[in-house]
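What follows is a single structure, written as structure tokens, with notes after it.
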Amino acid sequence: MGSSSEPTAESNYSKPLGIRFLENIKGTTLSFKTHQAIVLIVTFLAYASYHATRKTTSIVKSTLDPQSSDVGVKFVTWRTSYFQEPAKLSWMIGDGWAPFNGTDGTALLGELDVAFLSVYAMGMYFSGHLGDRMDLRIFLTVGMLGTGLFTSLFGVGYWGNIHSFWYFLMVQMIAGLFQSTGWPSVVAVLGNWFGKSKRGLIMGIWNAHTSIGNITGSLVASALLSYGWGWSFVVPGLMIAFVGMVVFLILPVNPESVGADREGDDLHSPKKTGEGVAQPLLNSESVVKTKAVGFIEAWKIPGVAPFALCLFFAKLVAYTFLYWLPFYITHTAIDGKYLSSTTAGNLSTLFDVGGVLGGILAGHISDRLDARAITAASFMYCAIPALFFYRSYGHVSLTINIALMFITGMFVNGPYALITTAVSTDLGTHSSLEGNSRALATVTAIIDGTGSVGAAIGPLLTGYISSTSWSAVFTMLMGAALIAGLLLTRLVVAEVAAKIEYSKSQGVPTSRPALEV
């Protein structure tokens, strides 16, 4: 490592303006842990805002397409006769919004979802490749500003009286491309600042941004529906643009960029018995001098393929709920009553509240057991009965619906959170890379990009299948959860074998044994 004066001179030039401003106020440089806190908070807000913009479509669906099926028609007529005052019905029922208010409205909305997520998935692979070769702060800022712009343009269709399906399709596709910059970037930045110690728990808590973003998006979009559905897109679009500027002003990409001293940080540089400070998981020299890992090389890292394929099916389940849960609630009689779009949107947030707890539990359990695959597979298997009970008994009463929705969210989002954060970062700093840190964004993009293909397929199939039977949709989701668990079988067996071997030898366990197979 070079002298301390050289990196400091460079870092003064490359330090974000916000960091320099804070240091001027404080009168001294910020500590390593202060930078870590800034990274956690800023990346949390950044990706929460991504999900807030992503969630709005599901809230507005039942407004764009209020009479999408026979079930929906019965639901509107029944409410008209017995529950609503005529003065309040004009907007609640309305005629929807062409072209989504026809007999094929549900299918068209499903096509919007798959267009968005398909471009998002493809863009993810390129974003990871670019992210490992660019300034992540600039890259993330551009992605967030672009996402804000095109999310708002979807809402502009309301005031512009636009009824062209192609307009909404193109806007969603471009928004998906900009959205793909987010995940590889935030995980790579986080991986640059945090080592493996308690990584599952830290990232489990940090990954609550997904659910917090979904909840925020649901509440904001639902609250603004009464003013016109366009606001449900424009306001979240402005929110993510604002957070994007915060990222540009204050986010430190890695310790070297701000001249932060890693020494003494027990999270990033664990010590070995009988030695001084061990070599950091992400060697500072490698950030500058090591060539970025290629796409094919990243796929060959042990554990990347099975976890990527597992996430394909895990995200298929999670994103079907993300895009269709409010719609499903409005078209399902709970205790003999149908809920409005606004109430359904608010109620659906409980799925994400369960997801927050699930992500934290999955991270904590995987840290305690030192077993990522066992934890992820167990959660996926538990999601199967949770899905079955929610479909079978969620209609009995509102209390039962809430309880089962919460439990389902916990088991569905737990492994999803674990794989996209701690597992991706583990693999991005895998021992086979020999200290090369410039694989984090690429590995993260491969795993989440593959998962996003499943995320595109799930909502698309749901758009077609739900018009015939919601029971068939839940059967599809249970099958996907089962396959996701089975795909980790080899890694689970390896982890179990390693645990047995360790019990017999009473030696020191190796770090993440299953990921070495």
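The values are calculated or read from the model by the stated rules, or taken from the named source; none is laboratory data. Just so it is clear, the model here is predicted, and its values are computed rather than measured. Using ideal geometry, Cβ is built from the backbone for each residue, glycine included, and neighbour counts are taken over all protein chains shown. Ligands, DNA and RNA are excluded from the accessible area calculation, which covers all protein heavy atoms including side chains. Shrake-Rupley method; radii C 1.70, N 1.55, O 1.52, S 1.80 Å.
Residue by residue through the stretch 352-385, note down the ones that are open to solvent by less than 10 Å² (accessible area, probe 1.4 Å) and hydrophobic (A, V, I, L, M, F, W, C). Working first, answer last.
Step one: filter the stretch 352-385 for residues open to solvent by less than 10 Å² (accessible area, probe 1.4 Å), giving 352, 354-355, 358-359, 362-363, 366, 371-373, 375-377, 380, 383.
The answer is ALA362, ALA371, ALA373, ALA376, ALA377, MET380, ALA383.
Every condition in (1) at pLDDT below 90; (2) surrounded by 22 or more Cβ atoms within 10 Å (Cβ to Cβ) is met by ASP261 except one, and the failing one is (2). Quick one: is GLY200 modelled with pLDDT under 80, among the small types (Gly, Ala, Ser), touching a Ser or Thr at 6+ places or on another chain (Cβ under 7 Å) and at negative phi? Spelling it out, GLY200 is indeed modelled with pLDDT under 80, among the small types (Gly, Ala, Ser), touching a Ser or Thr at 6+ places or on another chain (Cβ under 7 Å) and at negative phi. Can you find a residue that is assigned to a loop (DSSP other than H, G, I, E, B) and small (Gly, Ala, Ser) anywhere in the stretch 335-344? Checked the stretch 335-344: at least one residue is assigned to a loop (DSSP other than H, G, I, E, B) and small (Gly, Ala, Ser). Restricting attention to the stretch 367-420, the residues being within 19 Å of the chain's Cα centre (by Cα) and not aliphatic (A, V, I, L, M) number 12. Taking the criterion of being surrounded by fewer than 24 Cβ atoms within 10 Å (Cβ to Cβ) and at pLDDT below 90, would at least one residue in the stretch 167-177 satisfy it? No: the stretch 167-177 contains no residue that is surrounded by fewer than 24 Cβ atoms within 10 Å (Cβ to Cβ) and at pLDDT below 90. Pick from the stretch 10-19 the residues that are surrounded by 11 or more Cβ atoms within 10 Å (Cβ to Cβ) and farther than 22 Å from VAL186 by Cβ: which of them is modelled with the lowest pLDDT? So, considering only residues that are surrounded by 11 or more Cβ atoms within 10 Å (Cβ to Cβ) and farther than 22 Å from VAL186 by Cβ, the one modelled with the lowest pLDDT is GLU10. For the stretch 387-418, taking the residues that are open to solvent by less than 10 Å² (accessible area, probe 1.4 Å), of a type in the set (Gly, Ala, Ser) and assigned to a helix (DSSP H, G or I), the one that is modelled with the lowest pLDDT is identified as ALA417.
Among the residues of the stretch 455-476, the ones that are open to solvent by less than 10 Å² (accessible area, probe 1.4 Å) and either under 25 Å from ALA371 (Cα atoms) or without any contact (Cβ under 8 Å) to a residue 24 or more places away in the chain (or both) come to 0 in all. Residues in the stretch 226-258 that are among the hydroxyl-bearing types (Ser, Thr, Tyr) and at pLDDT 90 or above were compared, and the one that is nearest to LEU40 (Cα to Cα) is SER232.
Look at THR349 and say whether it is of a type in the set (S, T, N, Q), in the same structural domain as ARG391 (by the TED database), over 13 Å from LEU398 (Cα atoms) and under 20 Å from the mean Cα position of the chain (by Cα). Spelling it out, THR349 is indeed of a type in the set (S, T, N, Q), in the same structural domain as ARG391 (by the TED database), over 13 Å from LEU398 (Cα atoms) and under 20 Å from the mean Cα position of the chain (by Cα). Of all the listed residues (GLY237, GLY244, GLY217, GLY157), the sole one being within 16 Å of the chain's Cα centre (by Cα), in a helix (DSSP H, G or I) and touching a residue at least 24 places away in the same chain (Cβ under 8 Å) is GLY217. Could you please tell me which pairs satisfy a Cβ distance under 6 Å, a separation of 6+ or placement on different chains, a first residue in the stretch 305-322 that is at positive phi, and a second residue that is crowded, with 24+ Cβ neighbours inside 10 Å and at pLDDT below 90? Pairs found: none.
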